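> Quick one: structure below, then a few questions.
The values are calculated or read from the model by the stated rules, or taken from the named source; none is laboratory data. Just so you know, these numbers come straight off a predicted model, no measurement behind them. Here the Cβ is made from the backbone with ideal geometry for all residues, glycine too, and neighbour counts use every protein chain on show.
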Amino acid sequence: MFLALDGVGDLQAQVLRALKQGIQDGRLAVGSRLPSTRELAARLGVSRNTVIAAYESLCAEQFAVAKSGSGTRVSASPPRQTAALPALPVEAQSRYAGRVRALPPIMLEKREEGLRWNLQYGEPMVDVALFTIWRRALIHAAQRTGAHGAPAQGLLELRAQIADHLGKYRGIRCTAADVVVVNGTQQAISLAARILVDEGEQVVLEEPHYQLATQAFTAHGAVVRHVPVDDDGIVVDALPTEAVKLAYVTPSHQFPSGRVMSLERRVAMLERAAAQGFWILEDDYDGEFKFDGRPPPALHSLDRHGRVLYIGTFTKTLLPSIRLGYMIAPEPVRRDLVRAKMLADMRCSAVEQAAVARLISSGAYVRHLKRATLELKKRRRALLAGLQAHCADWVQIDDSGGGMHLICWLPQLSEAQLAMLIELATARGLGLHEVVHHYTSKPRHPGLLMGFAALSVPQINAATAMLGECLADVVGGGAPKRQQA
Ligand SMILES: Cc1ncc(COP(=O)(O)O)c(C=O)c1O
C-alpha cells in the first residue's frame with residue numbers, strides 16, 4: 001500500500017486525508033487491516049501519536065473500525081465520496097446576497113479567545129444576582145406556558161409590562177397594543193427597513209455610526225448617507241434636503257461617540273422629519289444606564305406627528321443571550337411590522353417573553369437596572385482613573401455620562417503604532433478594539449472603543465496598568481519588548 005502526504009495543513013489532517021483517499025479509491029480494501037500505527041508512522045516519517053490521532057478520526061467518521069486485539073480495519077461500508085458540486089454561478093443568488101457578500105467584516109462578532117482582560121464593547125456585565133432571578137423566572141414561565149406559542153406581536157402580558165415601564169422610565173405614553181416584541185434591535189432594524197424603505201431609497205445614519213445598522217440598511221439596498229454628529233447629536237442642518245425615507249438615530253447615547261442629543265436638536269429633528277416626511281428610527285439601546293441623574297426622555301416622547309418608531313432591547317439591559325427587544329410603532333406601520341415579523345420567524349419564544357414579563361412585574365427588572373447602573377458607574381470610574389494613572393501622557397477620553405463604553409483617542413500614535421499596540425496588548429492578554437470600524441472615513445486620530453461592562457474594578461485596574469505598559473513600549477520606548485527580544 002502506498003500512501004503519500006499532500007503537504008497541506010497539519011500532519012494529522014494530511015495522514016487522515018491520505019487514508020480516506022486510499023479507502024475511497026480501493027487501495028485499502030473493505031475489511032482489510034490497516035498497518036500498525038508504529039509501522040505507518042515509520043513509513044510516513046511522522047510521529048506515532050499523529051497516526052493514532054488520524055486513526056481515531058478515521059473511526060469517528062466511520063471509515064474504519066478499531067477492535068482490541070485485531071487492530072484497525074477498513075469498515076464494511078465506508079462513507080461514499082460525494083462528487084464535488086459544480087461551483088454555483090454568483091448570478092444565481094439574489095442582489096441582496098451580492099450586497100451582503102460585499103460588506104466588510106462585522107466587528108462586534110470578533111471574539112478573541114484566551115485574553116485575561118478584554119475591553120470589548122458588547123460583552124455583558126455578569127451579575128450573579130441577575131442569573132439567579134432569571135433562572136427562577138424561566139422555571140416559573142416554563143411551568144406556566146402551555147404548548148402554544150405567543151402571538152406574532154408578542155405575549156400580551158409582556159407588551160403590557162413594557163408599555164407600563166416605558167411610561168414610567170422613558171416618558172413614552174403607549175399601551176400594550178402599540179408594542180411589537182422582536183428578537184432584539186437588529187430584527188427591529190431589519191423589519192423597519194422592509195416595511196418603510198425600498199431599494200434605492202435614501203436612509204440617513206449618524207457619523208460615527210453603529211456598524212450593524214449601516215450594514216442592515218446597505219444590505220437592504222438603501223442608499224445610506226452618513227450625517228455628522230457634534231456635541232449636541234446629529235447635525236440636523238446637515239441632513240439632505242430631499243428624498244430622505246428614514247433616519248436611524250441613537251439620541252440617548254449616540255453610538256459610539258456617547259453624545260446625548262440636546263433638546264433643541266430633538267425638536268429640530270422632529271420638525272424636519274414632519275416637514276420632509278421621513279421616518280425616524282430611534283435606537284434606545286442603553287438609554288436606561290445614565291450615571292448622573294435621570295436618563296433623558298426618549299425622542300419618541302416628544303413626537304407629535306407619529307414619525308418616530310422606537311426600539312428598546314433587553315439584550316443590553318438584561319443579557320445578550322436573551323434575544324428580546326421591542327418596537328413602538330404607529331398604526332398602520334405596526335400592523336405591517338407584525339406581518340413581516342410573522343413571515344420572518346413567526347414569533348419570539350413564549351417562555352422567554354413570560355419570564356421577562358415576570359421580571360418586570362415583580363419589580364426585579366427595575367432593581368436590576370439600578371444595581372447595574374451603580375456597578376457600571378463604578379467600572380467606568382475605574383477605567384477613567386486607570387487611564388489617568390497609567391496612560392495620561394497618551395490618551396484623550398471621549399467620555400459620556402452613561403452606557404457601557406467610551407472612546408479613548410491616541411493622538412500621538414500613528415496607525416502602524418496602533419496596530420502594534422493592539423498586537424502587543426493581545427500577546428499580553430489585553431483585548432483592545434479599534435473604533436475606526438464605526439467610521440466611514442478615518443477619524444482624526446487613531447482610537448479605541450472601550451467596553452467596560454464585562455470587567456470588574458480590579459480587572460479594569462490591571463487592564464489599564466497593562467495598557468500603560470504597552471503604550472510605553474510602543475510609543476515611549478520605541479519597538480515593543482517582544483520584538484526587541
Ligand atoms: C447602537 C446599538 N444598538 C443596539 C444594540 C443591541 O442590539 P441587539 O438588541 O440586536 O442585541 C447594540 C449592541 O451592541 C448597539 O451598539
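> What is the number of the single condition among (1) surrounded by fewer than 21 Cβ atoms within 10 Å (Cβ to Cβ); (2) within 16 Å of the ligand (Cβ to nearest atom) that residue 243 does not meet?
Among (1) surrounded by fewer than 21 Cβ atoms within 10 Å (Cβ to Cβ); (2) within 16 Å of the ligand (Cβ to nearest atom), residue 243 violates only (2).
> Further, regarding this structure: Which of the residues spanning the stretch 423-466 are hydroxyl-bearing (Ser, Thr, Tyr) and over 18 Å from residue 385 (Cα atoms)?
Passing the criteria: 426, 439, 440, 441.
> Can you tell me which of (1) surrounded by fewer than 18 Cβ atoms within 10 Å (Cβ to Cβ); (2) modelled with pLDDT under 95; (3) over 27 Å from residue 379 (Cβ atoms) is the one residue 115 doesn't meet?
(3)
> Still on this structure, please answer the following. Can you tell me which of (1) outside the structural domain of residue 281 (by TED's automatic domain parsing); (2) touching a helix residue (DSSP H, G or I) at 6+ places or on another chain (Cβ under 6 Å) is the one residue 328 doesn't meet?
Exception for residue 328: condition (1).
> Return the only residue of 430, 421 being of a type in the set (A, V, I, L, M), modelled with pLDDT of 95 or more, crowded, with 22+ Cβ neighbours inside 10 Å and in contact with a Phe, Trp or Tyr (Cβ under 7 Å, 6 or more places away or on another chain).
Among 430, 421, only 430 is of a type in the set (A, V, I, L, M), modelled with pLDDT of 95 or more, crowded, with 22+ Cβ neighbours inside 10 Å and in contact with a Phe, Trp or Tyr (Cβ under 7 Å, 6 or more places away or on another chain).
> Of all residues being touching a strand residue (DSSP E or B) at 6+ places or on another chain (Cβ under 6 Å) and more than 25 Å from residue 162 (Cα to Cα) in the stretch 259-275, which is farthest from the ligand (Cβ to nearest atom)? Just the residue, please.
Applying the filter and picking the extreme gives 273.
> Then there's this: Scanning for something assigned to a helix (DSSP H, G or I) and either within 30 Å of residue 218 (Cβ to Cβ) or modelled with pLDDT of 85 or more (or both), does the stretch 59-74 turn up at least one residue?
yes
> Mind listing just one residue for me: the one in the stretch 75-112 that is surrounded by 10 or more Cβ atoms within 10 Å (Cβ to Cβ) and modelled with pLDDT under 75 and, of those, nearest to residue 20 (Cα to Cα)?
Going through the qualifying residues, I end up with 81.
> Also, quick follow-up: Going through the stretch 411-427 one residue at a time, which ones are more than 18 Å from residue 442 (Cα to Cα) and among the acidic types (Asp, Glu)?
Within the stretch 411-427, just 423 meets the criteria.
> Here is a list of conditions, (1) within 16 Å of the ligand (Cβ to nearest atom); (2) in a helix (DSSP H, G or I); (3) within 27 Å of residue 175 (Cα to Cα), and residue 376 meets all of them except one; can you say which number that is?
Only one criterion in (1) within 16 Å of the ligand (Cβ to nearest atom); (2) in a helix (DSSP H, G or I); (3) within 27 Å of residue 175 (Cα to Cα) is unmet by residue 376, namely (3).
> Quick one: is residue 383 over 25 Å from residue 209 (Cβ atoms), buried (at least 19 other Cβ atoms within 10 Å of the Cβ) and at pLDDT 95 or above?
For residue 383, the condition - over 25 Å from residue 209 (Cβ atoms), buried (at least 19 other Cβ atoms within 10 Å of the Cβ) and at pLDDT 95 or above - is not met.
> Among (1) touching a strand residue (DSSP E or B) at 6+ places or on another chain (Cβ under 6 Å); (2) assigned to a loop (DSSP other than H, G, I, E, B); (3) in the same structural domain as residue 306 (by TED's automatic domain parsing), where does residue 115 come up short?
Of (1) touching a strand residue (DSSP E or B) at 6+ places or on another chain (Cβ under 6 Å); (2) assigned to a loop (DSSP other than H, G, I, E, B); (3) in the same structural domain as residue 306 (by TED's automatic domain parsing), only one is false for residue 115: (3).
> Here's a follow-up. Which of the residues that make up the stretch 150-164 are in a helix (DSSP H, G or I) and either away from the ligand (no atom under 16 Å from the Cβ) or in contact with a Cys (Cβ under 6 Å, 6 or more places away or on another chain) (or both)?
156, 157, 159, 160, 161, 163, 164 - these are the residues of the stretch 150-164 that are in a helix (DSSP H, G or I) and either away from the ligand (no atom under 16 Å from the Cβ) or in contact with a Cys (Cβ under 6 Å, 6 or more places away or on another chain) (or both).
> Restricted to the stretch 289-339, and to residues that are among the aromatic types (Phe, Trp, Tyr) and modelled with pLDDT under 95, which residue is farthest from the ligand (Cβ to nearest atom)?
So, considering only residues that are among the aromatic types (Phe, Trp, Tyr) and modelled with pLDDT under 95, the one farthest from the ligand (Cβ to nearest atom) is 291.
> Moving on. Which one of the conditions (1) of a type outside the set (Phe, Trp, Tyr); (2) within 26 Å of the chain's Cα centre (by Cα); (3) under 21 Å from residue 316 (Cα atoms) does residue 195 fail to meet, given that it meets all the rest?
(3)
> Would you mind telling me which numbered condition in (1) modelled with pLDDT of 95 or more; (2) away from the ligand (no atom under 16 Å from the Cβ); (3) over 21 Å from residue 369 (Cβ atoms); (4) of a type outside the set (S, T, N, Q) residue 180 fails?
Tallying (1) modelled with pLDDT of 95 or more; (2) away from the ligand (no atom under 16 Å from the Cβ); (3) over 21 Å from residue 369 (Cβ atoms); (4) of a type outside the set (S, T, N, Q), residue 180 fails exactly one: (2).
> Can you name the number of the only condition in (1) touching a helix residue (DSSP H, G or I) at 6+ places or on another chain (Cβ under 7 Å); (2) within 30 Å of residue 354 (Cβ to Cβ) that residue 236 fails?
All conditions pass for residue 236, except number (2).
> Among strands (runs of 3 or more DSSP E) lying entirely in the stretch 385-481, which contain 2 or more residues that are touching a Ser or Thr at 6+ places or on another chain (Cβ under 9 Å)?
405-409
> How many of the residues making up the stretch 51-63 are under 19 Å from residue 4 (Cβ atoms) and either buried (at least 20 other Cβ atoms within 10 Å of the Cβ) or charged (D, E, K, R) (or both)?
Residues meeting the conditions: 5.
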